[in-house]
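Student: My questions will all concern the structure given below.
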Amino acid sequence: MAESVFGIAIPENLEWSTSFQNWIKQWNAVTDVPTAIGLLHNIFRANEGEEGTGRSYTDHRILFLLKLASGHRTNSRSGLAPKAFAVLTQEFLRYANFERIQYLSREVDEAFLDFFLDGNVRWNDANAPQSNQITKVDQLASTFMQQFLSINWDMGDDVQRVRIVEVLSELHALDSLIPSRKGSEWDRFTEPVMQKLEEVVQQGIHPVDYETSTPSLEEQVCHGSSAARALLMIRAGKAGHDKEKEKKALKEQVALASKKLAAM
């Protein structure tokens, strides 16, 4: 990895001779912001030589842009962070669908979770009207984030779901995890996931707001805690789901026993 003049590590020795390698050389030679911004606009277009090789450097581009765009709301790195965020959104996030998200590498998945956890994308921007504070880029990024988290919640493992709980807690959007109907969705609330939910709810308690240091979930809901409300509903829904599964299993056992008895 080579350190660019703007302090972002990017791959230097790629497996194939491609125009992306030339793009990297140009980036590492940049000495002014306008030139860097111009190069950012071309990062996804510098893909000549990748077709037919069986290798794409999309992951490299995404990881690079995520690092550069982190903290874009503070306009860090002389305006390059907001530009990297806009390029990432316009060139990749807006076109992302189930298949593209599902086949992102684990490294990219983790990078996106870190990016979201650091507050770089807001949850409600997807459905909010455009304004001075909410741009089209913000809306697209928010829509992608919601889709990304939903897909990884459904398709991921416990480690990923625990991280998603952390992200949604920071976004004040834990209620988005509550299944809207009965089904296998409740099975995703495994012990590690429930433990993390309990943990983030406990972390959100401010003792000064209560007469006790261990307020119940009901008390927290009364004080406006959306996290406590989500946990309370998830607990109840999971208990109901588990009870239905148990009843179904018992019915199957009874039916099997009756069938064996009839055959004797």
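The values are calculated or read from the model by the stated rules, or taken from the named source; none is laboratory data. Just so you know, these numbers come straight off a predicted model, no measurement behind them. Here the Cβ is made from the backbone with ideal geometry for all residues, glycine too, and neighbour counts use every protein chain on show. Accessible surface is based on the protein model in full, side chains and every heavy atom, while ligands, DNA and RNA are left aside. Shrake-Rupley method; radii C 1.70, N 1.55, O 1.52, S 1.80 Å.
Student: Keeping to region 198-236, report how many residues are in contact with a helix residue (DSSP H, G or I) (Cβ under 6 Å, 6 or more places away or on another chain) and more than 21 Å from Glu170 (Cβ to Cβ).
Tutor: Looking only at that region, the number is 1.
Student: Sort out which residues of region 28-49 are among the aliphatic types (A, V, I, L, M) and either in contact (Cβ under 8 Å) with a residue 24 or more places away in the chain or open to solvent by 40 Å² or more (accessible area, probe 1.4 Å) (or both), and write them in order of number.
Tutor: The answer is Ala29, Val30, Val33, Ala36, Ile37, Leu40, Ile43, Ala46.
Each row is one residue, and each column tells you yes or no for (1) under 24 Å from Thr143 (Cα atoms); (2) small (Gly, Ala, Ser); (3) modelled with pLDDT under 90; (4) open to solvent by less than 90 Å² (accessible area, probe 1.4 Å).
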{"residue": "Asp175", "(1), (2), (3), (4)": "yes, no, no, yes"}
{"residue": "Gly183", "(1), (2), (3), (4)": "no, yes, yes, yes"}
{"residue": "Glu191", "(1), (2), (3), (4)": "no, no, no, no"}
{"residue": "His206", "(1), (2), (3), (4)": "no, no, yes, no"}
{"residue": "Ser213", "(1), (2), (3), (4)": "no, yes, yes, yes"}
{"residue": "Lys243", "(1), (2), (3), (4)": "no, no, yes, no"}
{"residue": "Ala249", "(1), (2), (3), (4)": "no, yes, yes, yes"}
{"residue": "Gln253", "(1), (2), (3), (4)": "no, no, yes, no"}
{"residue": "Met264", "(1), (2), (3), (4)": "no, no, yes, no"}
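Student: When region 218-231 is examined, which residues are found to be closer than 24 Å to Asp187 by Cα and buried (at least 18 other Cβ atoms within 10 Å of the Cβ)?
Tutor: Ala227, Ala228, Arg229, Ala230, Leu231
Student: How about region 61-157: which helices (runs of 4 or more DSSP H) wholly inside it have at least 3 residues that are over 26 Å from Ala46 (Cβ atoms) and open to solvent by 40 Å² or more (accessible area, probe 1.4 Å)?
Tutor: 136-155
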